[in-house]
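No lab work stands behind these numbers, since they all come straight from the coordinates. These numbers come from a predicted model, not from an experiment. Heads up, the Cβs are rebuilt from the backbone with ideal geometry, glycines too, and the neighbour counts pull from every protein chain shown.
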Amino acid sequence: MDLASATNGNGNGFVPNTRERLVKSVPQPAIHRLSDAEFFATDEHGTAKPSVRVLRDHFFREGRLTEEHALYIVEHATKLLSQEPNMVEVQGPVTICGDIHGQYYDLMKLFDVGGPLTDNSYLFLGDYVDRGCFGIECLLYLYTLKLWFPHKFTLLRGNHECRHLTEYFTFKRECLHKYSLRVYEACCQSFLALPVAALVDGRFFCVHGGLSPELFQLSDIINLNRFTEPGSRGLLCDLLWSDPIVNFGHEDEHGVPKGTTFLHNQTRGCSFYYTYEAACQFLERNGLLGIVRGHEAQDAGYVMHRKTPTKKFPSVITIFSAPNYLDVYHNRAAILKYANKNITIRQYNASPHPYWLPNFQNAFTWSLPFVGTKITEMLLAILAICSEEELEDTDSEDEKEKEKPDADGDSEMRNARTLGLSTPEDIARRRQEIKNKIIAVGRMQRVFQLLREEAESASELVDAEVGEAGPGLGLGPSALGVQRQVRQNIHNFEDARRSDMLNERLPSLPPSPSPSSVPSTPGSIPPIPVPSPLIPSLSMRIPGRDPTEGLNMEYLIRQTLEDSGAGEDVERLADRIAFRGGGTRVTRPAGLKRHGTV
Ligand SMILES: [Mn+2]
């Protein structure tokens, strides 16, 4: 049974029980916080650690932890990660995994496909959070595994593991919604501690983004200070942000001069593209076989780039482990299994996951603009109950009345006296007050319209799996209509990638960064155009505003009230109605009454 027919009673006299779950096939979320006894398990040395099995199932059922337990995991993981070198040495056999991006339910599938940690090591290449709605669950689960298997479980830093991107995209908002600012701050501290590269069996260089013109020897990474925000240039930034050039391995056929190694990365708005030549030189210089990196969505979940001339092995392998990325890319995910000097790729598809409204809104907040628009529309409709002609008509009648001298003053003065207004100034003030009220209603309608557009566009690329249930819930068909339209317009991986291109960029850095996020070279940040159509939400586009403040209703109201150009119709209407005279006329316009008696 679908929700729409359930709530409407589907005409069979069925009255839903509001105390029971209407859609029983959707399991009830776990609403209780785990007790210490449930949360902790003991390892073989009798040390208490968060239970992997309990957390896995609890998170799967959308359960949350106490702030204390969440902080326990993040802080203990931070301590452990801080002790690791910038470049971790990993021994095979190992399963190498690319971007996860908050897709917890797909991460569970990844571990099904990858196999248990008892007979297998894991190396993750970063980007655990942002975009998907389950970033904190991914992070807490991965950190818990790190606590249990510190030497068999390696987590590298991705470009999203930083303050700037998590504020711009979804992770900060998610933390504030599900946990607290304290938990978010602890996560930011843990990001600083994540190592930035790994060397598998001394043969494979593993990193989130790729190479840098500042990277000659592997020792350049060892000497790096990684405990800082990456900024928009420099070695740390490049390791996390760079990409192989488009047409990598075939550059000369596309007009890239021979000998080119690094070019400005236009897709990202920072860092570099590295060429096949740059990759081959780097591998030769350091006696390596290949580069394994994540950072770019792939239709098949992976891509093997051109082989090196000397070792006949793919110079670069890109691996991406978030299937059906953002619910619209239609891509498969992949992990790379390296064992006995052999590489095997395992692919998997997306798993179903619970739906979140844009920006973690609840249904009431989300639908408020729809309700608001309707109410203000009704108010305006009541005020506009007489037509333009009728108003013109009564205007001229009034003027005629005014021309006639009246012993008792004109009709307006009569009206005014009943309202206790004695002087023409009082009447003028009263008129202005009424006019202002009507204008305010009109502008509130615009505010709600904007909020509604906001709620619709805030969906990023996220599609509505429950789209069909929308109209039945009366939440306003147009919002879900937009989401359906997004679904209709994105048919395949290429469509999604093109639409989402701007979100792959480094968002412009704040003009005056806080001390904790000062990049290594302050003042040298190039101006980066802010992408507009598909970035997370309008509130994030407002410079200097905290993106986690929600829908910024206050800001919208102020903007709308300052905006004098629009809403002329409302103003004209307000003029007309207010200038009819006393307050009672507003709810019972004179025009209508007179017209009605004709
Ligand atoms: Mn990335």
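The GluC sites (Glu not before Pro) found in the range 31-124 that occupy coil by DSSP, while having at most 15 further C-beta atoms within 10 Å, are Glu44. Full extension of the chain between Thr260 and Glu44 gives 72.3 nm of extra length, using 0.36 nm per residue less the Cα-Cα distance. Using C-alpha pairs below 8 Å separated by at least 6 residues, the relative contact order for the range 136-287 is 19 percent.
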